[in-house]
Amino acid sequence: YSPDPEIYSMKLDGSDIRLAASSELIRSVTGAGLIHHPVRSPNNRYIALGQGEAEEFGLHSTIIDLKTNEKIFMSKGGARPEFNWTPDSKNVIFYSDDYMKNFNIETRTLTKRPIIHSTGIHLLEDGKTFLATNKANGYRLHSFDGSLIEKVQIPGIGMSYRNYLSADFKHLVFGYGDQLYIFDIINKKMVFQSQNKHQAHDNCSTLIPDTNKLFYRGAWGEHFTVDIYDPTKIEPIDAPPIIHFCTTQVINYQGK
């Protein structure tokens, strides 16, 4: 994030570190750095960025095209953008100034969408359903047009802004107080609750695809994996300094 923002990709074992976006590319067009977690498109070509105050643009959202090294301006406006890509990687949906917006990559057009209020919103694998978390307890499922489908309560537990879905769209990970929770959204049951300070929730956590492992940063900056069905199986990861600040998502990189 600072002083010179950069984005890297890396294998979970710390190898194959690659510079995905340089500081010059990130700061191009608007001159601003990063203020929210970048989110890569399903086809791995684009990265959606939330960027800081810039003289002409204020708080704003942009896209980096990794194929052409082009910076694309999307929208002015503040808020936690909660970037969501449609499965075809043609649209990115995000919050901005009390609105939900849709930016189409092919046409470079920005349109407003029906607002879905949340502390975190996630477009599910079908590309037609949103999961929107509540600050009080639980989450709601909404259709693509914003209409309510279902409410799911998680009694006695609030929902922080630090929440996300696993790569297989089966588990919701969130923090409440100093605890980390993982909720199975298919079977609607809690499957994990952290037990000690080494498992303090961090918004740099992510579930590793095709495993039962959570990769996260602990209370003092160390990195660990833990089996979500057996919390006693904690393994330290000697991660290099490149991810000292954050890891945002695990992707299907396919060696490209």
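The values are calculated or read from the model by the stated rules, or taken from the named source; none is laboratory data. This structure is a prediction, so every number in the text was calculated from the model and none was measured. No Cβ is skipped: glycine too gets one built from the backbone with ideal geometry, and neighbour counts run over all protein chains shown. Note: areas computed on protein heavy atoms with side chains; ligands, DNA, RNA excluded. Shrake-Rupley method; radii C 1.70, N 1.55, O 1.52, S 1.80 Å.
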Inset, instruction - Looking only at the range 102-118, decide whether some residue is in contact with a Phe, Trp or Tyr (Cβ under 9 Å, 6 or more places away or on another chain) and among the small types (Gly, Ala, Ser). - result: yes
Inset, instruction - Kindly indicate whether any position in the range 13-22 is more than 20 Å from the chain's Cα centre (by Cα), open to solvent by less than 50 Å² (accessible area, probe 1.4 Å), under 15 Å from ASN69 (Cβ atoms) and not polar (S, T, N, Q). - result: no
Legend entry - Candidate set from the range 154-177 (those that are more than 14 Å from the chain's Cα centre (by Cα) and of a type in the set (A, V, I, L, M, F, W, C)); member that is surrounded by the most Cβ atoms within 10 Å (Cβ to Cβ): MET159
Legend entry - Some residue of the range 46-54 being touching a helix residue (DSSP H, G or I) at 6+ places or on another chain (Cβ under 7 Å) and of a type in the set (Val, Ile, Thr): no
Inset, instruction - Working only within the range 62-81, note down all residues that are free of Cβ contacts under 8 Å to residues at least 40 places away in the same chain, open to solvent by less than 20 Å² (accessible area, probe 1.4 Å) and under 26 Å from HIS117 (Cα atoms). - result: THR62, MET74, SER75, GLY77, GLY78
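Take the conditions surrounded by fewer than 20 Cβ atoms within 10 Å (Cβ to Cβ) and not in a loop (DSSP other than H, G, I, E, B) and apply them to LYS151. Does it pass?
Values: surrounded by fewer than 20 Cβ atoms within 10 Å (Cβ to Cβ): yes; not in a loop (DSSP other than H, G, I, E, B): yes.
Here the answer is yes, as LYS151 does meet what is asked.
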Legend entry - Count of residues meeting criterion [at positive phi and not polar (S, T, N, Q)] in the range 72-91: 3
Inset, instruction - Determine whether the range 97-106 contains at least one residue that is modelled with pLDDT of 95 or more and polar (S, T, N, Q). - result: yes
Legend entry - From GLY127, GLY120, residue being crowded, with 19+ Cβ neighbours inside 10 Å and either closer than 16 Å to LEU165 by Cα or touching a residue at least 60 places away in the same chain (Cβ under 8 Å) (or both): GLY120
Inset, instruction - Give the number of residues within the range 25-51 that are open to solvent by less than 10 Å² (accessible area, probe 1.4 Å) and more than 18 Å from ASN102 (Cα to Cα). - result: 2
Inset, instruction - Name the single residue, out of those in the range 191-206 being open to solvent by 60 Å² or more (accessible area, probe 1.4 Å) and farther than 14 Å from LEU165 by Cα, that is modelled with the highest pLDDT. - result: GLN193
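Which residue is surrounded by the fewest Cβ atoms within 10 Å (Cβ to Cβ), if the candidates are limited to the range 130-146 and must be in a loop (DSSP other than H, G, I, E, B) and without any contact (Cβ under 8 Å) to a residue 24 or more places away in the chain?
Only one residue tops the list, namely ALA136.
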